[in-house]
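The values are calculated or read from the model by the stated rules, or taken from the named source; none is laboratory data. Keep in mind that this is a model prediction, so the values were computed, not measured. Quick reminder, even Gly has a Cβ in these numbers, built from the backbone with ideal geometry, and neighbours come from all protein chains shown. Heavy atoms of the whole protein, side chains included, go into the accessibility calculation; ligands, DNA and RNA do not. Shrake-Rupley method; radii C 1.70, N 1.55, O 1.52, S 1.80 Å.
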Amino acid sequence: MAATKKILLLGSGELGREFVISAKRLGAHVVACDSYAGAPAMQVADEAEVFSMLDGAALGAVIERHQPDFIVPEVEAIRTEVLKDYEDRGLSVVPSARATVMTMNRDRIREVAAQELGLPTSRYLYAETLVEMRAAVAQVGMPCVVKPVMSSSGKGQSTVKSQAEVDAAWDYAVSGMRGDRVRVIVEAFIAFDYEITLLTIRTRDGVIFCPPIGHRQERGDYQESWQPTPMTPAAVAEAQRQAKAVVDNLGGYGLFGVEFFVKGDDVIFSELSPRPHDTGMVTLISQNLTEFDLHARAILGLPIPAITQHGASASAVILADRDATGFTIAGLERALVPSAPGIELDIRIFNKPTTRPYRRMGVALALIRDGDTDAARMAARAAAAKVRIDYR
Ligand SMILES: Nc1ncnc2c1ncn2[C@@H]1O[C@H](COP(=O)(O)OP(=O)(O)O)[C@@H](O)[C@H]1O
Ligand SMILES: [Mg+2]
């Protein structure tokens, strides 16, 4: 038998937690890291390390101590230059050190997609000062979306619809940015018909795809997702072509969440995560292999013979609404009762130790094997709404 593979997981949120479960089922030993103790993934991992992953020296020390076979980032906020050094010394960074650097900087991945690969994207410009941003907005046109180049989950992101909103958008972006690069991207607003995440898996046997996932965002953060989503075969093929071009450029093995806007016949590349995607949590009920199973298999070099989709599926988030440490999550006994035969329901509670306004505390999942996605969405939302957070 091969020696147990050791995985150092950088980031221990809900996506990391499900990944730990998938990887451990395949026999891996997982060390879960994050900046606070008791994080969701740490609760199910073999070992935990608490430190700032933006601190290069601390990150290096943890890597030296554990000597992992694989370093698997779950979040963007990591001192990624350190990963490059370890990759150069033969350690496997998932999917590759370059992919982690490129995708944590919106401008770098945008240059690869739009300039190097020639993929269709929104019109865009960058700005490093308020004066530059005013000029960029004038050139790109309104409405436009302003985002810090280093940020995630909608942090610092806003839509500018009139001249009067420009200065506030700059201040908001600067306050929401991570890292030390004061730089924003100004993107033309795309009035898309719908947006999707195409889960794309780069394996030793080639690139494979899950059926497209539709989703709805608020404040730049995902609220519900569903799979499959109605899409023409031509649009699916075009999204797959673009996704393959990007993941082949980034290299390595693993699952990627590639985001597109679709408007009429146009498929417009937006951004991607080189790791499981929050909207992909619908695969916890929709497929035989979840996005976490697929990531684990691709990393460990295990076969993925077929991905089976079970039918109309949806996920809906369960959000907190205030800062609290004393709270209990209740109502599961009602939430898990389907409103009609043929509806299958499930729930994941993440067991985060504290709440914050809009913090994602869990997700409700629905599957209707012979139904449509609208009904599945409604069932997932209804289940999520029955879960209560009782604050003390
Ligand atoms: N140029 C755009 N036009 C229209 N909507 C956008 C645009 N950019 C972002 N959005 C909306 O904001 C969401 C979050 O933006 P995204 O670039 O994916 O940032 P994040 O890294 O925070 O996920 C998108 O899923 C989409 O709903
Ligand atoms: Mg996104």
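How about the stretch 233-246: which of its residues are closer than 14 Å to LEU198 by Cα and more than 16 Å from ligand 2 (Cβ to nearest atom)?
Our first condition is that a residue be closer than 14 Å to LEU198 by Cα; within the stretch 233-246, this holds for 233, 235-246.
Those that are closer than 14 Å to LEU198 by Cα and more than 16 Å from ligand 2 (Cβ to nearest atom): PRO233, ALA235, VAL236, ALA237, GLU238, GLN240, ARG241, LYS244, ALA245.
Take the conditions part of a loop (DSSP other than H, G, I, E, B) and either free of Cβ contacts under 8 Å to residues at least 24 places away in the same chain or over 23 Å from GLU14 (Cβ atoms) (or both) and apply them to GLY90. Does it pass? Working first, answer last.
Numbers: part of a loop (DSSP other than H, G, I, E, B): yes; either free of Cβ contacts under 8 Å to residues at least 24 places away in the same chain or over 23 Å from GLU14 (Cβ atoms) (or both): yes.
In short, yes.
Testing PRO212 on (1) under 30 Å from LEU367 (Cβ atoms); (2) in contact with a Leu (Cβ under 7 Å, 6 or more places away or on another chain); (3) without any contact (Cβ under 8 Å) to a residue 60 or more places away in the chain; (4) away from ligand 1 (no atom under 15 Å from the Cβ), one condition comes back false. Which one is that?
Here PRO212 clears every test but (4).
Can you name every residue in the stretch 33-76 that is of a type in the set (Gly, Ala, Ser), within 25 Å of SER151 (Cβ to Cβ) and open to solvent by 50 Å² or more (accessible area, probe 1.4 Å)?
SER35, SER52, ALA57
Exactly one condition in (1) touching a residue at least 24 places away in the same chain (Cβ under 8 Å); (2) over 19 Å from GLY254 (Cβ atoms); (3) charged (D, E, K, R) is not met by ASP69; state its number.
(2)
What are the pairs, 6+ residues apart or on separate chains, where a residue within the stretch 330-347 that is β-branched (Val, Ile, Thr) has its Cβ under 7 Å from a residue that is open to solvent by 40 Å² or more (accessible area, probe 1.4 Å)?
ILE347/LEU332; ILE347/LEU336
Being of a type in the set (Gly, Ala, Ser) and more than 23 Å from ARG377 (Cβ to Cβ) is the filter here; which residues of the stretch 230-263 pass it?
Step one: of the stretch 230-263, the residues of a type in the set (Gly, Ala, Ser) are 234-235, 237, 239, 243, 245, 251-252, 254, 257.
Passing the criteria: ALA234, ALA237, ALA243, ALA245, GLY251, GLY252, GLY254.
Filter the stretch 250-291 for residues that are within 13 Å of ligand 2 (Cβ to nearest atom) and among the aromatic types (Phe, Trp, Tyr); which is surrounded by the fewest Cβ atoms within 10 Å (Cβ to Cβ)?
Applying the filter and picking the extreme gives PHE261.
Taking the conditions exactly as written (modelled with pLDDT under 95 and open to solvent by 70 Å² or more (accessible area, probe 1.4 Å)), does ARG79 satisfy them or not? Please lay out each step first, then the result.
On the way: modelled with pLDDT under 95: yes; open to solvent by 70 Å² or more (accessible area, probe 1.4 Å): yes.
In short, yes.
Taking ARG178 as the residue in question, decide whether it is under 22 Å from the mean Cα position of the chain (by Cα), buried (at least 18 other Cβ atoms within 10 Å of the Cβ), of a type in the set (D, E, K, R) and more than 10 Å from ligand 1 (Cβ to nearest atom).
It is false that ARG178 is under 22 Å from the mean Cα position of the chain (by Cα), buried (at least 18 other Cβ atoms within 10 Å of the Cβ), of a type in the set (D, E, K, R) and more than 10 Å from ligand 1 (Cβ to nearest atom).
State the number of residues belonging to the stretch 348-357 that are within 22 Å of MET42 (Cβ to Cβ) and free of Cβ contacts under 8 Å to residues at least 60 places away in the same chain.
Count: 4.
Please find, within the stretch 194-226, the residue that is nearest to ligand 2 (Cβ to nearest atom) out of those that are over 16 Å from the mean Cα position of the chain (by Cα) and within 28 Å of ILE318 (Cβ to Cβ).
That would be TYR194.
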